[in-house]
Structure formats: C-alpha cells, structure tokens
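Heads up, the thing below is written out as structure tokens.
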Ligand SMILES: [Zn+2]
C-alpha cells in the first residue's frame, strides 16, 4: 500500500491543493524563545523543535534520549551560548551530529552579573534575548545560518528576516513608550532569578534578584534576609513571579516587605502557544505591560 501510494504520487500530475512542497529542513533550537525566532525566519521551509519547551528551565535542563535523536536528525542546531546551556556539549556528543551549530548571540556585547557561587566575582549573563536590539542580532545570525545550510531558500529567509526585524522595531517603540509611562523612581523590580539585566540596561529599569543568574542555586536564608532589607530600604514597589521558577520565595518576600506581587512574567521560556507569551513578541510585550501595571505606569 505504501509502495503503491508512493508510485501513484510519482506518476500523478500534482492535483490542485495537493502538497507538492519539498520536505522541510529540520532544525533544532535549545529554547522555546530561540525556536520562535527560527520559525519566523524559516517560515514554511523549516520545521523547528525546541529542546527546552514552554515554561521549562534551560539552566537546569536534563536532555532526554529523544533530544539526542532530534539533534541527530537536525540539519542545523541553534544555541544561545554565553553559558546558558551547560548540558549541551554532552548532548551533542551523544547525538553524533555533524550539523552546523549556530550560536545566536554571536556579535552581541555580553553583560556581566554577580556570580552567586563565587561571591565577589562576576559571570557572563546569558539572558541577552530580553533586549530587543540583541534579539535582532539573534535573528540575523539565524538568517545567516539558514542561508548557509539551505542556499535554495536564501531569498525566502532574507525576506522573512527583514519582515520580522521590522516587527521588532515596532515592538521596541512600543516597549519604550510603555516603560516611559512608569515614573522614573518606581522603575525597580524584584524577580525570582536574575534574568532581566539586558532588559533593564536597554530600557532603564533596575532589577534585583534574590537568586543568582542560574535557577539551580537555592537562595539561602541570609540572601532572603538581605533582599528583604534591600526592598524596604529602596522602596521597591513590586515583586514578580516567573514561569520557570518556584513562586514560594517571592510570595514570602512580598508578605514580609509589603511589596505588591505583580503578574507572572516570562524570562527564559515562552508560555504555551495559547498563553500570554506564546511568541517572543508577545512575551516582551506582556512583560513590559506587567511591569508598568504593577509600578503605576500606563499598561
Ligand atoms: Zn535564566
């Protein structure tokens, strides 16, 4: 039956509405955010799978045997780099892949942040996607990667990238307007992990996190006491919960300081497609609006 179907398909003239497109290019991205950017550039030509899915934590991810299979079958792999995916090297080795690996942060200027595991030292902050200008660099790296691995699709990828970059320019204007609506002295926020450094640097907000950059380090009682003192002293108006970390710590901090608990924000992963942050653009817009809502701006 399979053979007959294949033979019939071979012999038949394509009928109207019949799917005659060539097989899609298999791509793998490490996170749901990068996968969304790849989808926007790749369009119909590319099938992209995220290893770390919606609402999942890329810092402490444990790859599955299925992931090794996905990587083995991929024609191209997109990774964030900057130390985000500590689990990646082993996965790539296990998969035996020879597919090109595109580090989408290539060309950005990395920020540094406190290294909780080595007090007094700093480390590279991997969360560059939270700045829209940096996300534009992600997009151009994705475009160049697809152009190289699938030259026949170059015109499509270039056009898709151009369209998407224009949408990011619009998003940038929108976010700047949203943040401008927050009184300057109230642009201070507590989040569960230190994921918004690039957002803060790009849009003029201060973020304080009781946990270090990596979600795998538990906050000590001493850290919690310190953060509570800091919130009271700096009169931080709101704390936020993230989709990838345990909300209990933030709830405790809010109780003890009287800070408002803002809505859930999305730091390292998208929501389910039907949720408030199902795409990169929706995520950035949602976060900015939640910050503005809790801090007295116009959301
Ligand atoms: Zn993170």
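The values are calculated or read from the model by the stated rules, or taken from the named source; none is laboratory data. What you are looking at is a predicted structure, and each value in this text was computed from that prediction instead of being measured. Here Cβ is always computed from backbone atoms with ideal geometry, including for glycine, and neighbour counts include all displayed protein chains.
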Filter the range 45-72 down to residues that are farther than 17 Å from residue 90 by Cβ and without any contact (Cβ under 8 Å) to a residue 40 or more places away in the chain and give me whichever is nearest to the ligand (Cβ to nearest atom). 50
Tell me which of these residue 193 doesn't satisfy, since it passes every other one: (1) more than 16 Å from the ligand (Cβ to nearest atom); (2) within 26 Å of residue 249 (Cα to Cα). (1)
Any residue at all in the range 27-43 that's surrounded by fewer than 20 Cβ atoms within 10 Å (Cβ to Cβ) and in contact with a strand residue (DSSP E or B) (Cβ under 9 Å, 6 or more places away or on another chain)? no
In the range 238-276, the residues that are away from the ligand (no atom under 16 Å from the Cβ), farther than 24 Å from residue 221 by Cα and at pLDDT 85 or above: 272, 273, 274, 275, 276
Within the range 128-143, can one find any residue that is in contact (Cβ under 8 Å) with a residue 60 or more places away in the chain, within 14 Å of the chain's Cα centre (by Cα) and not in a helix (DSSP H, G or I)? yes
Looking for whichever is more than 19 Å from the chain's Cα centre (by Cα) and under 15 Å from residue 284 (Cβ atoms) here; the options are 179, 208. Which one fits? 179
Filtered residue count, the range 252-274, keeping only those that are out of contact with any strand residue (DSSP E or B) (no Cβ under 7 Å at 6 or more places or on another chain) and farther than 16 Å from residue 288 by Cα: 8
Is it the case that some residue within the range 142-154 is more than 16 Å from the ligand (Cβ to nearest atom), on the phi > 0 side of the Ramachandran plot and loosely packed, with under 13 Cβ neighbours inside 10 Å? no
Subset of the range 236-287 (residues that are without any contact (Cβ under 8 Å) to a residue 40 or more places away in the chain, part of a loop (DSSP other than H, G, I, E, B) and surrounded by fewer than 18 Cβ atoms within 10 Å (Cβ to Cβ)): 258, 274
Out of the range 81-102, which residues are farther than 20 Å from residue 267 by Cβ, touching a helix residue (DSSP H, G or I) at 6+ places or on another chain (Cβ under 9 Å) and not in a helix (DSSP H, G or I)? 96, 97, 99, 100, 101, 102
Which members of the range 75-93 meet the condition of being more than 16 Å from the ligand (Cβ to nearest atom) and either touching a strand residue (DSSP E or B) at 6+ places or on another chain (Cβ under 9 Å) or under 22 Å from residue 39 (Cβ atoms) (or both)? 75, 76, 77, 78, 91, 92
Breaking point among (1) under 23 Å from residue 269 (Cβ atoms); (2) in contact (Cβ under 8 Å) with a residue 60 or more places away in the chain, for residue 150: (1)
From the list 168, 146, exactly one residue is assigned to a helix (DSSP H, G or I) and over 24 Å from residue 242 (Cα atoms). Which is it? 146
